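The values are calculated or read from the model by the stated rules, or taken from the named source; none is laboratory data. All of these numbers come straight from a predicted model, not from anything done at the bench. No Cβ is skipped: glycine too gets one built from the backbone with ideal geometry, and neighbour counts run over all protein chains shown.
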Amino acid sequence: MWWFLIISLLTLLYYIWQKLGNLGKKYPMCLPHLPIVGSLPYMSVQDEAHIYFTKLKEKYGHIYALWMGPSYVVVVNQFSLAKDMLLKKGKDFASRPQMVTTDILSGSGKGIAFSDYGPQWRMYRKLVQSTFSLFRDRSSQNFEKIICQEANTLCKRLANTEGQSVDPSKDCFLASANVICQFCFSNSWKQNDKDVEIIMNVSDAIIKALAKNNLVDIFPWIQLFPNKDLTLLKENVKSRNELLEKKIKIEKEKFNKDSINNLLDTLLKAKMKTNSHLSQEQEVTDEHILMTLGDIFGAGVETTSSVIKWILAYLLHYPEVKEKIQKEIDQKIGFTRTPLLSDRNQLLFLESTIREVLRIRPVAPLLIPHVACTDSSIGEYTIPKGTRIYVNLWSIHHDPEEWDEPEQFNPERFLDKNKEQLIMPTSSYFPFGGGPRVCVGEFLARAELFLFMAWVLQRFDLEVADNGELPSLEGVYGVVYQINPFKMKFKLRKAWLSSVPGQQDPPPPAPEDS
Ligand code: 3NQ
């Protein structure tokens, strides 16, 4: 009896202490929740997460909390709160949740996309950023040259389709894969190289498996039971790792510490520098190298190729937008030369269309989840250490308080009234995230989207497939917000053909040495 009284008294005192400790602290409104299952019984499964979280805003406001099983989660639906969290207090929220699926993908938190915030993450992030700077600044083999070479090859492949109804996925994947392959290894695959076919299929399988496994990320103990989707994820990640290891083994032979030309070189040189006296954290291991390359390769290919397909789909739905872009290309560039990055401040309709696609169909509608690495706050709301945070980019990019008719595809919202200047109508726009975890490949992604589209639209008319079907604009939620497969036709423009009568495609001129 005495024990019961003592335990009851201690529990009461703890409860009072908790309440007193929270006096004056304001927490986001929380969905109803039960022990163990959390808020899940009260949540709808009809809509995809980003749509459902946006609908919940009507009842719970711009920021609210819920329990995903045992995990306390906060959803941020408004740009000023997102800005506070990502930019003003970026370091407080720069960690990542430890999840079963991303642990499988990242070798238990190695690499830079899913690894925890700290000295080791900062070291690898700096190594990647220094390599990006190398490709931006040097005159030979810089990003612009590499992308133009791949754009030229892409256009030749599309010309060979001779106006048949084709799925653009493989060509878009190969073009962006070769750009990131140059960045990682200073070489590229040929179109019929079997490995690139395998990588594409494995990548697709991983993305699909990740989408099916969200329950195990909420209840990790589920992995103790037979789970075919998790087995599939493990098998495909194993294949991805083997393919990458094979590539690394071949390219490693060319390593010369005095001539650093790509990301693998940068990582191998860093490994040479780290020796036994350095702490475990500072040591560069082969697995960290593998996972960092896996992150950059996967992010570089899947995001860019996905957005290119969204742009093609929207231009099929809005042919008048495509016409305006082509008219602008014909006026500003013509057919005597191929597009360059310096044309970005000339081709305003193309640039505004790219921005609008990134708004209306963000690559990561909920970004990659963040975690509070210390007790902090978002706006006036207290956020305890360990809270998982979803930044609802979908809600932010479709906020009717910030965007005029947000559901409408309207690239000209990014142009001034005279259509002569690019503008940003609101700050409610984070297509590449923000803060310490901002997309490390933003510059490359924007350059690829612009150049690939400028080259394709200079040469081809885009037409719906022979079955007359337009692509679905619904999309499939996942680590990358992908478009459903579709077919279309690329037909060489008469204007292009008459400009180079009977000639082979002009080789891509060497862009101005920057
Ligand atoms: C990739 C494995 C590849 O086979 C499929 C695509 C994956 C999952 C990438 C992931 C890195 C990776 N393995 O480590 C990227 C990810 C999640 C895209 C998918 C990404 C991202 C970047 N910007 C916007 C959205 C997602 C960063 C890591």
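Only one of the numbered conditions (1) surrounded by fewer than 19 Cβ atoms within 10 Å (Cβ to Cβ); (2) away from the ligand (no atom under 16 Å from the Cβ) is not met by Pro436, and that is (2).
I'd like to check something: does region 81-94 contain any residue that is within 16 Å of the ligand (Cβ to nearest atom) and under 30 Å from Lys271 (Cα atoms)?
Kept after step one, since they are within 16 Å of the ligand (Cβ to nearest atom), are these residues of region 81-94: 82, 86, 94.
From what is left, the residues that are under 30 Å from Lys271 (Cα atoms) are 94.
Scanning region 81-94, I find at least one residue that is within 16 Å of the ligand (Cβ to nearest atom) and under 30 Å from Lys271 (Cα atoms), so the answer is yes.
Quick one: would you say Ile368 is within 16 Å of the ligand (Cβ to nearest atom), surrounded by fewer than 19 Cβ atoms within 10 Å (Cβ to Cβ) and either in a helix (DSSP H, G or I) or not hydroxyl-bearing (Ser, Thr, Tyr) (or both)? Yes; evaluated as a whole, the condition is true for this residue.
Within region 390-413, does at least one residue satisfy the condition of being assigned to a loop (DSSP other than H, G, I, E, B), touching a helix residue (DSSP H, G or I) at 6+ places or on another chain (Cβ under 6 Å), touching a residue at least 40 places away in the same chain (Cβ under 8 Å) and surrounded by fewer than 16 Cβ atoms within 10 Å (Cβ to Cβ)? Looking through region 390-413, none of the residues is assigned to a loop (DSSP other than H, G, I, E, B), touching a helix residue (DSSP H, G or I) at 6+ places or on another chain (Cβ under 6 Å), touching a residue at least 40 places away in the same chain (Cβ under 8 Å) and surrounded by fewer than 16 Cβ atoms within 10 Å (Cβ to Cβ). Being under 22 Å from Leu312 (Cβ atoms) and within 14 Å of the ligand (Cβ to nearest atom) is the filter here, so list the residues in region 172-196 that pass it. The answer is Phe173, Ser176, Ala177, Ile180, Val196. Among residues that are away from the ligand (no atom under 16 Å from the Cβ) and in a helix (DSSP H, G or I), Ser133 is included. Restricting region 464-490 to residues that are farther than 30 Å from Asn214 by Cα and touching a helix residue (DSSP H, G or I) at 6+ places or on another chain (Cβ under 8 Å) leaves a set whose member that is surrounded by the fewest Cβ atoms within 10 Å (Cβ to Cβ) is Leu470.
Being under 25 Å from the mean Cα position of the chain (by Cα), surrounded by fewer than 23 Cβ atoms within 10 Å (Cβ to Cβ), within 16 Å of the ligand (Cβ to nearest atom) and aliphatic (A, V, I, L, M) narrows it down to one of Leu263, Leu348, Leu358, Leu341, so name that one.
Leu358
Just to be sure, is Ala113 within 16 Å of the ligand (Cβ to nearest atom), surrounded by 21 or more Cβ atoms within 10 Å (Cβ to Cβ) and at pLDDT 95 or above? It is true that Ala113 is within 16 Å of the ligand (Cβ to nearest atom), surrounded by 21 or more Cβ atoms within 10 Å (Cβ to Cβ) and at pLDDT 95 or above. Could you tell me which numbered condition Lys238 fails, if it satisfies all but one of (1) of a type outside the set (Asp, Glu); (2) under 20 Å from Met99 (Cα atoms); (3) within 14 Å of the ligand (Cβ to nearest atom); (4) touching a residue at least 12 places away in the same chain (Cβ under 8 Å)? With (1) of a type outside the set (Asp, Glu); (2) under 20 Å from Met99 (Cα atoms); (3) within 14 Å of the ligand (Cβ to nearest atom); (4) touching a residue at least 12 places away in the same chain (Cβ under 8 Å) applied to Lys238, the lone miss is (4). Taking the criterion of being out of contact with any helix residue (DSSP H, G or I) (no Cβ under 9 Å at 6 or more places or on another chain) and not in a loop (DSSP other than H, G, I, E, B), the only residue of region 152-175 that qualifies is Lys156.
Which one of these is more than 16 Å from the ligand (Cβ to nearest atom) and either of a type in the set (Ser, Thr, Tyr) or over 30 Å from Ser133 (Cα atoms) (or both): Val476, Val464? Result of the check over Val476, Val464: Val464.
In region 465-483, the residues that are under 10 Å from Val363 (Cα atoms) and assigned to a loop (DSSP other than H, G, I, E, B) reach residues that are within 13 Å of the ligand (Cβ to nearest atom) and small (Gly, Ala, Ser) with C-beta atoms within less than 6 angstrom, at least six apart or across chains, in these pairs: Gly478/Ala211; Val480/Ser306. Filter region 192-221 for residues that are modelled with pLDDT of 90 or more and over 23 Å from Glu242 (Cα atoms) and give the result. Across region 192-221, the qualifying residues are Val216, Asp217, Ile218, Phe219, Pro220, Trp221. Filtering region 361-375 for residues that are among the hydroxyl-bearing types (Ser, Thr, Tyr) and more than 19 Å from Val438 (Cα to Cα) leaves a non-empty set.
Taken over region 403-459, the criterion of being β-branched (Val, Ile, Thr) and within 30 Å of Asp116 (Cα to Cα) is satisfied by Val438, Val440.
A residue that is within 16 Å of the ligand (Cβ to nearest atom), buried (at least 19 other Cβ atoms within 10 Å of the Cβ) and under 30 Å from Phe409 (Cβ atoms) occurs nowhere in region 312-320. If I go through region 197-220 residue by residue, how many of them are within 13 Å of the ligand (Cβ to nearest atom) and free of Cβ contacts under 8 Å to residues at least 12 places away in the same chain? Of the residues in region 197-220, 2 are within 13 Å of the ligand (Cβ to nearest atom) and free of Cβ contacts under 8 Å to residues at least 12 places away in the same chain. With at pLDDT 95 or above, away from the ligand (no atom under 16 Å from the Cβ) and assigned to a helix (DSSP H, G or I) as the only criterion, which of Thr353, Thr374 stands out? None of the other options fit; the residue is Thr353.
Meeting the requirement of 2 or more residues that are over 23 Å from Ser395 (Cβ atoms) and within 19 Å of the chain's Cα centre (by Cα), the helices (runs of 4 or more DSSP H) wholly within region 33-119 are 100-105.
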